[in-house]
Amino acid sequence: MIRIKKFTALLLGAFLLLTGCKEQSLSDISIYENKADSILKLMTLDEKIGQVSLFTSDWSTTGPSMRKDYIDLIKQGKAGNIFNAYTVDYVRELQRFAVEETRLHIPLLFGYDVIHGHRTIFPIPLGQASSWDTAAIEKAERIAATEATAEGLNWTFAPMVDLARDPRWGRVMEGAGEDTWLAGLIAAARVRGFQGLDLSDKRSVLACVKHFAAYGAPQGGRDYHTVDMSERSLYEWYLPPYKAAVDAGVASVMTSFNEIAGVPSTSNKWLLTDLLRNDWKFKGFIVTDYSSINELINHGVARDLSEAASISINAGVDMDMQGSAFISQLSDLVKSGKVTEETLDNAVKRILIAKYKLGLFDDPYKNCDKKRETEEIMTPEFLAFAREFVAKSCVLLKNENKILPVPENIRSIAVIGPLADSKPDMLGFWSAAGQWEKCVSLLEGIRNRVGGSVNILTAKGCNVNDENTEGIDQAVSLARRSDYVILALGESSMMSGEASSRTDISLPGVQLRLAEAIIKTGKPVAVVLFNGRPLAIPELDKLAPAILETWFGGTQAGNGIADVLFGDVNPSGKLTMTFPRNAGQVPIFYNSKNTGRPINPQNPYEKYKSNYLDSPNTPLYPFGYGLSYTSFKYSGITLNKTEFQKDDQIIVSVEITNTGDRDGEEIVQLYVRDLVGDVTRPVKELKGFRKVMIEKGNTVNVAFTISPADLSYYHKDMSFTFDPGEFELFIGPNSSEGNSVSFLLL
Ligand code: NOJ
């Protein structure tokens, strides 16, 4: 510690000398920039290259482990940043090598994939998004940041904001779904949650928005595959969530593995420099995804690693994740002039500034507090919130004859299915330092809820994903002996996430056969679904009287789901990604275009219309859909005027009555359609929502304000503006239902 203080004083001296300023006269210039400049001037080429290199500690990896010698590299000042290393002891040890054994004592960044919680694991992000509750999402990230920093981390590789319209792609679990506007709100909430009000706060981490850009649109839904889309789609749908994160002050950006229009993101100067830095004014640093500089060779845009390193840093990349490209190539590239020292300096500077903002130069061990590590992990408060969040994320897809909630008078319940008592699957993919042993399975959650008063029987029935039907008979006999069946079906957690694309997105294995056999018993059956993507489950939808979508709920999954199953919480989640009837409809999303030959709703199979021979166009469950244990009635829509000028706004309102027998929350959604545009416009676009609690029998008035800015889009010349003319406005419980009115923008 003494050495660090000495060093800080030395740096300050050097800084004052070099800038020729007194510290107090710096009010107009960035203090951090000057501090970073002052260190830069002391750095050797190798030390600079160390700062732009990031290596995994080998604790957990998602790609080839290229270096085992990261500790030596830290000691030599050649590894300025580490990921996949946490716990106070380990971080302290590695940080000590950096600040006490290297010449310039520059502290390390410690990154990790804290995607939906660090130790207390929350529902997967797609599940969180189903809550439409940005305050809850922000709070979850605040807790995640608190736990992550209590275990030494100072940087998370989140939020992932890749817009996705293809559920075959396994990483849809990590995003917010298919709507760009909602995804932008969620992206900003996540950044605020992670970074807090001030990065120097000991409970704040640097956020990293990823994967820039358009990683969520790989051809065929196959992970890492080519992305090719129009400039319009890119600007209109795919870029805004990243932009929202940038506008919220995200400290770092991760490049994506894919190419866009033939140029891989990691070597895309237009994307990283012209757009991100120059147009969007992003001031933080850009890190690659795992070895994606090396992958430029496979993409076929670089002959060798030297060229790959050169084109990526020249495109705007600041830090190489795990590829060893910068560490092995930059020295020669700088010496030969292929990369200017100024380019490297700028990259180093941005990283040093992040370290300053975190306060690491003042206290490199700021996140190495043993007391916090024991006191601020999985606290009762965090767990209680996690449980609440599970319930908020659940989406009731079907509930015929009020099968749910489970009636009070039930004396025995059979909890059946391959996911009935699985703890590991509750975590979901990307579960950071979450421990599956600490998860509450569905069975445990149900037991916790009912105590000794109800007899609980259980059987697996079958596995998630094989052809073995041997267990079905026993499960059926158990169901016969029970008053009520809860059937836990779906995917295992490893069937979604990175490198987990599927061509068949139906219920895997023989689970449908299990469901058929159980439902045939005539017992009341509620299906609890676990999955990381929308599934194509038309048969199950037909068979099962009740289906509750629960995603992967994390640490408190079982308790939170039980709260919903037994009616302690009335479900209010709504889908943020369309559930198709079959994979052949994919990509299917609510905000599609009308086409020149729209389907004839009266005759959906009419020839020479935009339809299929063998499937309706409509999804199984649309975007925005979700039921409640109560019912809501929407009144007609009232507008305060039907025409308005371009600097005016209109107020639109609707009355919603809770017509059922319990209090409930409703997510009221507002969509707009521009009837005649400069270019074709979607049949509906989400422009607003409100989540309102309505007591049974009560009516609430929900009002929205629409201004011309809400109606703007990219015109033929790519100007972002609105059209005068007629618009249709819809308010309803989801993207397929509701009332509509028209208005004119003059
Ligand atoms: C690869 C993934 O694409 C990225 O999202 C993640 O942050 C890195 N691996 C590091 O684990």
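The values are calculated or read from the model by the stated rules, or taken from the named source; none is laboratory data. Because the structure is predicted, anything quoted here is derived from the model rather than measured. Quick reminder, even Gly has a Cβ in these numbers, built from the backbone with ideal geometry, and neighbours come from all protein chains shown. Heads up: the accessible areas ignore ligands, DNA and RNA and are worked out on the full protein's heavy atoms, side chains in. Shrake-Rupley method; radii C 1.70, N 1.55, O 1.52, S 1.80 Å.
Among the residues examined, PRO545 qualifies as more than 16 Å from GLY626 (Cβ to Cβ) and surrounded by fewer than 24 Cβ atoms within 10 Å (Cβ to Cβ).
The rows are residues; the columns are (1) in a helix (DSSP H, G or I); (2) over 30 Å from GLU665 (Cβ atoms).
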site	(1), (2)
ILE39	yes, yes
GLU100	yes, yes
PRO107	no, yes
ARG119	no, no
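Of all the criteria given as (1) within 16 Å of the ligand (Cβ to nearest atom); (2) touching a strand residue (DSSP E or B) at 6+ places or on another chain (Cβ under 8 Å); (3) not charged (D, E, K, R), the one not satisfied by GLY316 is (1). Test ASP674 against the criterion of being in the same structural domain as GLY738 (by TED's automatic domain parsing), in contact with a helix residue (DSSP H, G or I) (Cβ under 8 Å, 6 or more places away or on another chain) and over 14 Å from PHE730 (Cα atoms), and give yes or no. Criteria not met by ASP674.
Selection of the stretch 636-650 for residues being assigned to a loop (DSSP other than H, G, I, E, B) and among the charged types (D, E, K, R) yields LYS641, LYS646, ASP647, ASP648. Return yes or no: is SER267 under 25 Å from the mean Cα position of the chain (by Cα) and buried (at least 24 other Cβ atoms within 10 Å of the Cβ)? For SER267, the condition - under 25 Å from the mean Cα position of the chain (by Cα) and buried (at least 24 other Cβ atoms within 10 Å of the Cβ) - is met. Of everything in the stretch 338-367 that is in a loop (DSSP other than H, G, I, E, B) and closer than 13 Å to LEU45 by Cβ, the residue that is least open to solvent (accessible area, probe 1.4 Å) is VAL339. Taking the stretch 121-135 as the range and being touching a Cys at 6+ places or on another chain (Cβ under 9 Å) and not in a loop (DSSP other than H, G, I, E, B) as the test, only GLY127 passes. Is it the case that some residue within the stretch 694-713 is more than 19 Å from LEU627 (Cβ to Cβ) and basic (Lys, Arg)? No - not one qualifying residue is present in the stretch 694-713.
Residues that are within 9 Å of the chain's Cα centre (by Cα) and away from the ligand (no atom under 16 Å from the Cβ) were ranked within the stretch 175-201; the one that is nearest to LYS366 (Cα to Cα) is ILE186.
Condition check ((1) touching a residue at least 40 places away in the same chain (Cβ under 8 Å); (2) part of a strand (DSSP E or B); (3) among the small types (Gly, Ala, Ser); (4) crowded, with 17+ Cβ neighbours inside 10 Å) across all residues:
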{"residue": "TRP430", "(1), (2), (3), (4)": "yes, no, no, yes"}
{"residue": "ALA433", "(1), (2), (3), (4)": "yes, no, yes, yes"}
{"residue": "GLU437", "(1), (2), (3), (4)": "no, no, no, no"}
{"residue": "GLY451", "(1), (2), (3), (4)": "no, no, yes, no"}
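Kindly evaluate TYR224 against the criterion of being within 14 Å of the ligand (Cβ to nearest atom) and open to solvent by 30 Å² or more (accessible area, probe 1.4 Å). Taking the combined requirement at face value, the residue satisfies it. Scanning the stretch 256-285 for residues that are within 14 Å of the ligand (Cβ to nearest atom) and touching a residue at least 60 places away in the same chain (Cβ under 8 Å) yields a single hit, SER256. Restricting the stretch 295-313 to residues that are free of Cβ contacts under 8 Å to residues at least 40 places away in the same chain, within 16 Å of the ligand (Cβ to nearest atom) and touching a strand residue (DSSP E or B) at 6+ places or on another chain (Cβ under 9 Å) leaves a set whose member that is least open to solvent (accessible area, probe 1.4 Å) is LEU296. Selection of the stretch 113-134 for residues being open to solvent by 10 Å² or more (accessible area, probe 1.4 Å) and closer than 18 Å to ARG203 by Cβ yields only ARG119. Based on this model, can you work out whether LEU487 counts as in contact with a strand residue (DSSP E or B) (Cβ under 6 Å, 6 or more places away or on another chain), among the hydrophobic types (A, V, I, L, M, F, W, C) and open to solvent by less than 10 Å² (accessible area, probe 1.4 Å)? It is true that LEU487 is in contact with a strand residue (DSSP E or B) (Cβ under 6 Å, 6 or more places away or on another chain), among the hydrophobic types (A, V, I, L, M, F, W, C) and open to solvent by less than 10 Å² (accessible area, probe 1.4 Å). When each of ILE82, ILE115 is tested for being over 23 Å from GLY50 (Cβ atoms) and within 16 Å of the ligand (Cβ to nearest atom), the lone residue that passes is ILE115.
One residue stands out in the stretch 146-174 among those that are part of a helix (DSSP H, G or I) and within 16 Å of the ligand (Cβ to nearest atom): the one that is surrounded by the most Cβ atoms within 10 Å (Cβ to Cβ), namely MET173.
Of all residues in the stretch 679-712, those satisfying the criterion of being among the aliphatic types (A, V, I, L, M), open to solvent by 30 Å² or more (accessible area, probe 1.4 Å) and either outside any strand (DSSP E or B) or not assigned by TED's automatic domain parsing to the domain that holds ASN734 (or both) are VAL683, ALA709. Within the stretch 407-426, the only residue that satisfies the criterion of being among the hydrophobic types (A, V, I, L, M, F, W, C) and open to solvent by 10 Å² or more (accessible area, probe 1.4 Å) is ILE410. Here PHE97 fulfils each of the conditions (1) aromatic (Phe, Trp, Tyr); (2) modelled with pLDDT of 95 or more; (3) surrounded by 24 or more Cβ atoms within 10 Å (Cβ to Cβ) apart from (3). LEU613 meets each of the listed conditions (1) among the aliphatic types (A, V, I, L, M); (2) in contact (Cβ under 8 Å) with a residue 12 or more places away in the chain; (3) assigned to a loop (DSSP other than H, G, I, E, B) apart from (2). Among residues of the stretch 721-746 that are in the same structural domain as VAL654 (by TED's automatic domain parsing), those with a Cβ under 7 angstrom from a residue that is acidic (Asp, Glu) and part of a loop (DSSP other than H, G, I, E, B), sequence gap 6+ or separate chain, pair up as ASP723/ASP678.
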